[in-house]
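Engineer: Please read through the structure below; I'll follow up with questions.
The values are calculated or read from the model by the stated rules, or taken from the named source; none is laboratory data. Note that the structure is predicted; figures quoted are calculated from it, not measured. Neighbour counts are summed over all protein chains in view; Cβ atoms, including those assigned to glycine, are modelled from backbone coordinates with ideal geometry. Ligands, DNA and RNA are excluded from the accessible area calculation, which covers all protein heavy atoms including side chains. Shrake-Rupley method; radii C 1.70, N 1.55, O 1.52, S 1.80 Å.
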Amino acid sequence: MRYLVTGELMKRVDQYTIEQIGIPSLVLMERAALAVFKEAVNHVKQTDPVWVLCGSGNNGADGIAAARMLHISGYKVLVILAGKKEKGSSEYLTQLSIAEKTGVDVVEGFSFKAVECSLLIDALFGVGLDREILGGHLEIMKSITGCRPEFTIAVDIPSGIHSDTGQIMGAAIPADVTVTFGYEKLGTMLYPGKEYSKQVIVADIGFPPESINYVKTEYFTFHKADTALIPKRPAYSNKGSFGKVLLVAGSKNMSGAAFLSALAAYRTGAGLVKIFTVEENREILQTELPEAVIVSYHSSDAEKKTENFEQLLIEQCEWASVIVLGPGLGQADYVKNLVESVLANAYVPVIVDADGLNTIASYPELTGYYTDNIIITPHLGEMARLTGSAVELIKKHLIQTAREYADRFGITCILKDAVTVAALNDQRTYVNSSGNSSMAKAGAGDVLTGILAGLLAMGLEGPDAAALGVWLHGLAGDMRKKKYGDYSLLARELADEIDIILKEQMRE
Ligand SMILES: NC(=O)C1=CN([C@@H]2O[C@H](COP(=O)(O)OP(=O)(O)OC[C@H]3O[C@@H](n4cnc5c(N)ncnc54)[C@H](O)[C@@H]3O)[C@@H](O)[C@H]2O)[C@@H](O)CC1
Ligand SMILES: Nc1ncnc2c1ncn2[C@@H]1O[C@H](COP(=O)(O)OP(=O)(O)O)[C@@H](O)[C@H]1O
Ligand SMILES: [K+]
């Protein structure tokens, strides 16, 4: 698990380390600058022109210190100061004084045209950026990016990217590498900041673990070693030991979603998967996935809410240890009865997706059935329908939107996008770091519901299953991309990659 921070949390980590632990600010800064210097020398020769663009805060101070290190090592470096010197932080003034005494070339402002820059070190703004960039700062950013530096290293975060949301605050400087300090910021995890940051290197500059414990960040992501969180599969077991997944999915002419979700649940390790679907899907699903148990109903019975239908549904809900509600259900009138009956009769974790969510959006009173057992998995369009907000607005505030909805109802909300975020009902927020655009394919979301169901069936707690499931799903996409590239993924292959991830996990 890797902790993530907002700009504000990072400032508190700094503050705690400096004030409570007693590591001087300039000591942290020296290590930060050294990390930037070490990266810089990988990308230029001593004769190449290096520019260091510095704001007047501590991000700029990091930049000036890195410039001094390059200068002392014989590199051809120029510090370009933006903003007013006299408004500089005390560390900035100290670094500037050291730089001047060691003979670093420093200019105020930027007025040259058509000159070449082999390496730009961008230290204009760090986590202190708190408003739209205008005036002189905007001009200097435009002029410098206009010179098309061959390679750019961002100090802490690309200047112009908001450290909490990843949004561009008027303008931003795209980096090839971002050297960030201590902990990764949400702004480099979320688009467009993720794209502007490219490769992110998290440099250890000496923050003690107490500092992150002190600020209690609730943001996190996973890395490779976290597959260890997948539940073990004891030898002394039977199919009943690994949970019973009920998929309430599929409608006439729509069996694919149910198939993909069921396949992924089995592949992830569920012991028994049952699909509760319309009679028309029985044959095809039985043929496609004979391992799944099919229980079918007539949509006319669901429409009329007959006693037999209700009884049958209640029995399925009682049987299940996890329920998936929604893939491929369609939006016919009877679906509302179906969704309401499941929500009313389920006492186990329920993953609500796709048409399950569309139904709730059309009948908001159904949110009355939400409990802490509910995990919803909306994409942006479904989230827009649920909240009444515009997709563009949600995109800009992914974490906030997911968090507010989850908190309002005490549920877990997995908001799916190129970077998926999961606002867990234990207050933690997971930000995904796996996955790629090959997964932008119909059916990929159905596979996610199956993976989540499989993990829940094997006994993971809701919030843990939500975070791990999202990560495994993306990892499956990454593994597939490595073998077959960006274009050709079929959703079902994500379920197949899960085999390999689980197999590797067993070996470790
Ligand atoms: N000792 C420390 O506190 C450490 C700080 N570090 C660096 O310090 C950075 C944070 O430093 P600061 O808090 O000084 O903040 P920044 O250096 O990121 O920028 C803050 C300055 O920019 C101004 N500003 C914000 N938005 C603006 C806008 N749109 N237009 C014009 N001016 C704007 C602020 O008023 C302030 O003067 C980190 O990103 C990191 O690079 C690191 O050296 C690690 C140690
Ligand atoms: N560009 C991308 N990068 C990473 N993951 C993506 C990208 N596009 C889509 N995905 C993932 O693929 C899945 C698509 O789900 P969804 O939109 O519900 O599709 P469907 O309903 O067709 O199954 C989500 O988990 C999403 O996070
Ligand atoms: K920066």
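Engineer: Given (1) in contact with a helix residue (DSSP H, G or I) (Cβ under 9 Å, 6 or more places away or on another chain); (2) surrounded by 13 or more Cβ atoms within 10 Å (Cβ to Cβ), where does ASP486 come up short, assuming only one miss?
Structural biologist: (2)
Engineer: Can I ask one more? Looking at segment 162-184, which of its residues are more than 14 Å from ligand 3 (Cβ to nearest atom) and among the aromatic types (Phe, Trp, Tyr)?
Structural biologist: Answer for segment 162-184, where residues must be more than 14 Å from ligand 3 (Cβ to nearest atom) and among the aromatic types (Phe, Trp, Tyr): just TYR183.
Engineer: Out of segment 302-325, which residues are more than 37 Å from the chain's Cα centre (by Cα) and either open to solvent by less than 50 Å² (accessible area, probe 1.4 Å) or aliphatic (A, V, I, L, M) (or both)?
Structural biologist: Answer for segment 302-325, where residues must be more than 37 Å from the chain's Cα centre (by Cα) and either open to solvent by less than 50 Å² (accessible area, probe 1.4 Å) or aliphatic (A, V, I, L, M) (or both): ALA302, THR306, PHE309, GLU310, LEU312.
Engineer: How about segment 405-430: which of its residues are more than 10 Å from ligand 2 (Cβ to nearest atom), open to solvent by 30 Å² or more (accessible area, probe 1.4 Å) and not polar (S, T, N, Q)?
Structural biologist: Answer for segment 405-430, where residues must be more than 10 Å from ligand 2 (Cβ to nearest atom), open to solvent by 30 Å² or more (accessible area, probe 1.4 Å) and not polar (S, T, N, Q): ASP407, ARG408, PHE409, GLY410, ASP426, ARG428.
Engineer: Would you check which residues across segment 283-323 are free of Cβ contacts under 8 Å to residues at least 24 places away in the same chain and in a loop (DSSP other than H, G, I, E, B) and list them?
Structural biologist: Matches in segment 283-323: PRO290, HIS298, THR306.
Engineer: What is the one condition in (1) open to solvent by 70 Å² or more (accessible area, probe 1.4 Å); (2) out of contact with any Phe, Trp or Tyr (no Cβ under 8 Å at 6 or more places or on another chain) that GLY256 does not satisfy?
Structural biologist: Going through the list (1) open to solvent by 70 Å² or more (accessible area, probe 1.4 Å); (2) out of contact with any Phe, Trp or Tyr (no Cβ under 8 Å at 6 or more places or on another chain), GLY256 breaks only (1).
Engineer: With the requirement that a residue be within 12 Å of ALA203 (Cβ to Cβ) and without any contact (Cβ under 8 Å) to a residue 40 or more places away in the chain, what does segment 35-50 give you?
Structural biologist: From segment 35-50, those within 12 Å of ALA203 (Cβ to Cβ) are 35-39; that's our starting set.
The answer is PHE37, LYS38.
Engineer: Do we find a residue being closer than 17 Å to THR221 by Cβ, among the charged types (D, E, K, R) and open to solvent by 30 Å² or more (accessible area, probe 1.4 Å) anywhere in segment 435-448?
Structural biologist: Scanning segment 435-448, I find no residue that is closer than 17 Å to THR221 by Cβ, among the charged types (D, E, K, R) and open to solvent by 30 Å² or more (accessible area, probe 1.4 Å), so the answer is no.
Engineer: Scan segment 483-492 for residues that are at pLDDT below 95 and either part of a helix (DSSP H, G or I) or in contact with a Gly (Cβ under 6 Å, 6 or more places away or on another chain) (or both) and jot them down.
Structural biologist: Passing the criteria: LYS483, TYR484.
Engineer: For segment 446-461, indicate whether the set of residues that are within 15 Å of the chain's Cα centre (by Cα) and at pLDDT 95 or above is non-empty. Lay out the reasoning, then the answer.
Structural biologist: Keep residues of segment 446-461 that are within 15 Å of the chain's Cα centre (by Cα), which gives 448.
Those left that are additionally at pLDDT 95 or above: 448.
Scanning segment 446-461, I find at least one residue that is within 15 Å of the chain's Cα centre (by Cα) and at pLDDT 95 or above, so the answer is yes.
Engineer: Within the bounds of segment 78-89, is there any residue that is part of a loop (DSSP other than H, G, I, E, B), in contact with a His (Cβ under 8 Å, 6 or more places away or on another chain) and open to solvent by less than 10 Å² (accessible area, probe 1.4 Å)?
Structural biologist: Yes, segment 78-89 has at least one match.
Engineer: Among the listed residues LEU96, LEU81, LEU53, LEU70, identify the single one that is within 15 Å of VAL36 (Cβ to Cβ) and within 14 Å of ligand 1 (Cβ to nearest atom).
Structural biologist: Values: LEU96 fails: within 15 Å of VAL36 (Cβ to Cβ); LEU81 fails: within 15 Å of VAL36 (Cβ to Cβ); LEU70 fails: within 14 Å of ligand 1 (Cβ to nearest atom).
Selected residue: LEU53, the only one of LEU96, LEU81, LEU53, LEU70 that is within 15 Å of VAL36 (Cβ to Cβ) and within 14 Å of ligand 1 (Cβ to nearest atom).
Engineer: Hand me the list of strands (runs of 3 or more DSSP E) wholly inside segment 187-282 holding 3 or more residues that are of a type outside the set (Ser, Thr, Tyr).
Structural biologist: Fully inside segment 187-282 and qualifying: 199-203, 244-248, 272-278.
Engineer: A further question follows. Against the condition open to solvent by less than 20 Å² (accessible area, probe 1.4 Å) and away from ligand 3 (no atom under 15 Å from the Cβ), how does GLY146 come out, does it pass?
Structural biologist: no
Engineer: Would you confirm whether any residue within segment 259-269 is among the basic types (Lys, Arg), under 29 Å from PRO349 (Cα atoms), at pLDDT below 95 and open to solvent by 40 Å² or more (accessible area, probe 1.4 Å)?
Structural biologist: No, segment 259-269 contains no residue that is among the basic types (Lys, Arg), under 29 Å from PRO349 (Cα atoms), at pLDDT below 95 and open to solvent by 40 Å² or more (accessible area, probe 1.4 Å).
Engineer: Across segment 370-400, which residue is farthest from THR449 (Cα to Cα) among those that are more than 15 Å from ligand 2 (Cβ to nearest atom) and open to solvent by less than 30 Å² (accessible area, probe 1.4 Å)? Steps first, answer last, please.
Structural biologist: Narrowing segment 370-400 to residues more than 15 Å from ligand 2 (Cβ to nearest atom): 370-374, 387-390, 392-393, 396-397, 400.
Filter again for open to solvent by less than 30 Å² (accessible area, probe 1.4 Å), leaving 370, 374.
Numbers: TYR370: 18, ILE374: 13 Å.
So, considering only residues that are more than 15 Å from ligand 2 (Cβ to nearest atom) and open to solvent by less than 30 Å² (accessible area, probe 1.4 Å), the one farthest from THR449 (Cα to Cα) is TYR370.
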